[in-house]
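Each remark here refers to the structure printed beneath this line.
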Amino acid sequence: MSGVSTTSGPLRLGSRGTALVPSALSRRLAAEPPHEARRAFQLARSRFLASDRIDMGQLAVELGVDRTSLFRWVGNRDALLSEVLWSLAAPTLDHADAETTASGPDRVVTLLSSFVSLMIDAPYFREFLRREPSRALRLLTTKDSAIQRRYIAVTRSLLEEEVAAGRLASPLPLDDLAYVLVRLSESFTYADLITGEEPSGARAAAAFSFVLGPTRTEQLT
């Protein structure tokens, strides 16, 4: 899985999620010539970044089409929101990866905790969580959408890279370890919605460090 690539070379970390867990909408967005879905998606994404609610009826009006056409292009509102959310998570993962100079378990801890902090600090993201908490948790933390499955796939590919380089050795199957790390990430990113506590990248980092402690190769030799 870590070898996910195109003819131009390995995919960046954030882009691997879509490649490993594609959706009907992601395939339309990647189509050439551009599918009409791309225009609808770009408008929805700009609305989300402006902290506006994505309303399918309003989108259809602004695009000059009927609702039936819009739903045929992008699917239902959940499908569109999921793709918009991942389109923002992917470059955030790439940024966290680019800023990380560590290797082995430290790379995983630094990258994932940075991602948590960046998402916590994103105003458009926090506004969505405030405005639609139940929908947000369903789309972000369950398998009802592709988001969690993509995040797990990306995390697994990150772990695989470090294992392949001899810098990490997991006593758990990588699928299980990736799942645990993602659930920890979700717990601290959405702590206010789940437990009423403040979201915290620092606490996420401590939890990641604890879980990944046994994966340090120097402890297993």
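The values are calculated or read from the model by the stated rules, or taken from the named source; none is laboratory data. If you're wondering where the values come from, they're calculated on a predicted model, not measured in any experiment. We place every Cβ from the backbone using ideal geometry, glycine too, and count neighbours over all the protein chains shown. SASA here: full protein model, heavy atoms, side chains in, ligands and nucleic acids out. Shrake-Rupley method; radii C 1.70, N 1.55, O 1.52, S 1.80 Å.
Here are some notes:
- F188 passes every criterion in (1) over 20 Å from A136 (Cβ atoms); (2) in contact with a Lys or Arg (Cβ under 7 Å, 6 or more places away or on another chain); (3) not basic (K, R) apart from (1).
- Verdict on L174 being of a type in the set (A, V, I, L, M), closer than 18 Å to T100 by Cβ and open to solvent by 20 Å² or more (accessible area, probe 1.4 Å): no
- The lone exception for G196 - which of (1) over 22 Å from T101 (Cβ atoms); (2) under 19 Å from the mean Cα position of the chain (by Cα) it fails: (2)
- Unmet criterion (only one of (1) assigned to a helix (DSSP H, G or I); (2) within 19 Å of Y190 (Cβ to Cβ)) for D106: (2)
- Test result for P105, surrounded by 13 or more Cβ atoms within 10 Å (Cβ to Cβ) and either under 16 Å from P199 (Cβ atoms) or in contact (Cβ under 8 Å) with a residue 40 or more places away in the chain (or both): yes
- Checked against the criterion of being loosely packed, with under 14 Cβ neighbours inside 10 Å, at pLDDT 95 or above and among the hydroxyl-bearing types (S, T, Y), segment 68-87 has at least one qualifying residue.
- Residue within segment 27-42 that is under 18 Å from L159 (Cβ atoms) and either at pLDDT below 95 or surrounded by 16 or more Cβ atoms within 10 Å (Cβ to Cβ) (or both) present: no
- In the set (1) surrounded by fewer than 19 Cβ atoms within 10 Å (Cβ to Cβ); (2) more than 14 Å from the chain's Cα centre (by Cα); (3) touching a residue at least 12 places away in the same chain (Cβ under 8 Å), L129 fails one condition alone, (1).
- Some residue of segment 120-135 being touching a Gly at 6+ places or on another chain (Cβ under 9 Å) and more than 21 Å from A90 (Cβ to Cβ): no
- If only residues of segment 134-148 that are in a loop (DSSP other than H, G, I, E, B) and open to solvent by less than 70 Å² (accessible area, probe 1.4 Å) are counted, the one that is farthest from A191 (Cα to Cα) is S145.
- Pairs with Cβ under 6 Å, 6+ apart, first in segment 167-181 and touching a residue at least 60 places away in the same chain (Cβ under 8 Å), second open to solvent by less than 80 Å² (accessible area, probe 1.4 Å): R167/S103; R167/G104; L168/G104; L168/P105; L168/E162; L168/T215; L181/T155
- Matching helices (runs of 4 or more DSSP H) fully within segment 1-93 where at least 1 residues are of a type outside the set (K, R) and in contact with a Gly (Cβ under 6 Å, 6 or more places away or on another chain): 24-30
- Here the condition is being under 21 Å from the mean Cα position of the chain (by Cα), closer than 28 Å to L129 by Cβ, surrounded by 16 or more Cβ atoms within 10 Å (Cβ to Cβ) and modelled with pLDDT of 95 or more; of L20, L59, it holds for L20 alone.
- Test: residue in segment 176-191 that is within 21 Å of W86 (Cβ to Cβ), modelled with pLDDT of 95 or more and outside any helix (DSSP H, G or I): yes
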